[in-house]
Structure formats: structure tokens, C-alpha cells
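Scroll down for the structure; my scribbles are underneath it.
The values are calculated or read from the model by the stated rules, or taken from the named source; none is laboratory data. These figures come from a predicted structure and were not determined experimentally. Quick reminder, even Gly has a Cβ in these numbers, built from the backbone with ideal geometry, and neighbours come from all protein chains shown. In case anyone asks, the SASA skips ligands and DNA or RNA and just uses the protein heavy atoms, side chains included. Shrake-Rupley method; radii C 1.70, N 1.55, O 1.52, S 1.80 Å.
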Amino acid sequence: MTRVSRKGRTPEARAFRAERVLDAGMALATRGGYDAVQMREVARIAEVALSTLYRYYPSKDALLAAAIQVQLQELREDIVQRPPRQRTPEGRAAEVLHRAFRAMQYNRGWAHAALSAYHIPKPLGERYETPPLAETPQPTSLAELMGRAAWGPDHRITTAEYRVLHMLEALWSSSVIGWLNDQLTPEYVEERMKFAARRLLMPEPEAGR
């Protein structure tokens with residue numbers, strides 16, 4: 001019989017360390033991409049019971065999504081410590097995408113796992129528990145980080161601005177996939193991001209001018 005604490009949690013669950021689990025998942029991804037991240041192997045490396053792992057992360061994609069949030073938090077800290085120096089909002093947004101892409105270049109296996117977790121279609125008939133896209137930037141997303149860099153932390157991003165930021169985020173994802181598939185060079189990806197940010201975020205000229 002499993003011993004349960006007064007708070008309703010087993011000693012094993014109380015000993016659970018998310019950081020250790022996420023590190024294990026990222027290590028496996030580094031070795032072999034998305035397919036290498038197996039929940040049983042994550043549990044073994046992190047030294048937690050498989051049932052405990054599933055209690056916190058019900059699927060491999062959920063675990064990878066949590067690891068992606070860690071990476072985005074690190075990118076946020078980097079932006080705060082080293083704000084983009086470009087003079088225009090579109091230039092600063094493009095730099096955020098460049099930094100995110102360079103992080104992917106350092107770890108191709110992790111890039112494969114992260115992009116696969118978000119872009120492999122769900123099985124036909126499976127529904128999202130929550131709407132897949134909101135009309136406002138989600139906490140710690142590339143869109144939110146671009147908006148912060150482009151217009152400052154006090155700027156209230158409008159629905160129209162967010163739609164543009166999400167278009168850039170989607171283009172970034174497809175570009176990274178193209179790079180992973182050896183269809184795009186790193187240089188082309190960066191030029192593509194700069195061009196798209198300039199075209200989509202550049203203010204429209206005033207009427208009559």
C-alpha cells in the first residue's frame with residue numbers, strides 16, 4: 001500500500017524535481033531529436049517513477065512544452081539584460097527572432113524536438129482542450145517577446161499588432177523547419193526574418209504624404 005502524506009502526496013511526489021526532469025528531456029532531445037524523448041527514459045534518467053512523471057506531464061509534448069517555456073524565459077532574461085539596439089521596432093523584433101534562431105543552431109536535436117512538439121498535427125478527431133490561439137500574446141511566447149523588444153514593456157499590444165507578431169512567429173517556425181530539413185541556409189533564415197519584420201511591422205505612410 002502506498003504511503004501518503006497528510007497533504008495527500010506521496011513522499012515520491014514531494015521529491016519530484018521539475019528541473020531534473022526537464023534537463024533529462026532536453027538531454028535526450030539533444031542526442032536524437034523528438035523521437036529520442038521517451039517518457040520511460042526521461043523517468044529513468046531523472047530518477048522518478050514513470051507514474052509520477054505522467055502526473056506532472058501527461059505526454060511527451062507537455063514535457064517539451066514546459067522545456068520550451070524554460071528556453072523562452074532565458075531568452076526574455078537575455079533581452080532584458082541586453083536590449084536590442086536597432087533603432088526601429090521592426091529591427092528590434094527581428095533581432096529577437098535572430099537570437100531565438102541562433103539558440104536553435106547551437107542544439108539541432110533540441111530544435112528538432114521543440115518544433116516537432118508544436119507542428120506535428122494531432123490525430124484526426126482529437127480536439128484541443130483550450131483554443132489553440134488567443135487574440136492576445138500568451139505569457140512568454142515569441143510574439144510577446146517581440147512586442148516587448150519592439151515597443152517596450154509598457155506598450156499595450158493591440159489585436160492587430162499581435163496578429164502581425166503571430167505571423168512573424170509562424171514564419172520563424174516554418175523557417176527553422178526549413179533549416180532543419182536542409183532546405184534553407186542560416187543566412188537566408190536571418191535575412192528572411194529581417195525582411196518579413198520590416199514589411200509587416202513598418203508603420204504605414206500617413207495619408208496624403
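Some points to look at:
- Filtered GluC sites (Glu not before Pro), the range 36-92: DSSP coil and at most 16 other beta carbons within 10 Å: 47
- Accessible area per residue for the range 33-184, computed on protein heavy atoms with a 1.4 Å probe, is 58 Å².
- Multiplying the residue separation of residue 78 and residue 38 by 0.36 nm and removing their Cα-Cα distance gives an extension gain of 11.4 nm.
- Once the C-beta distance of residue 158 and residue 188 is scaled by a Förster radius of 22 Å, the resulting FRET efficiency is 0.10 to the nearest 0.05.
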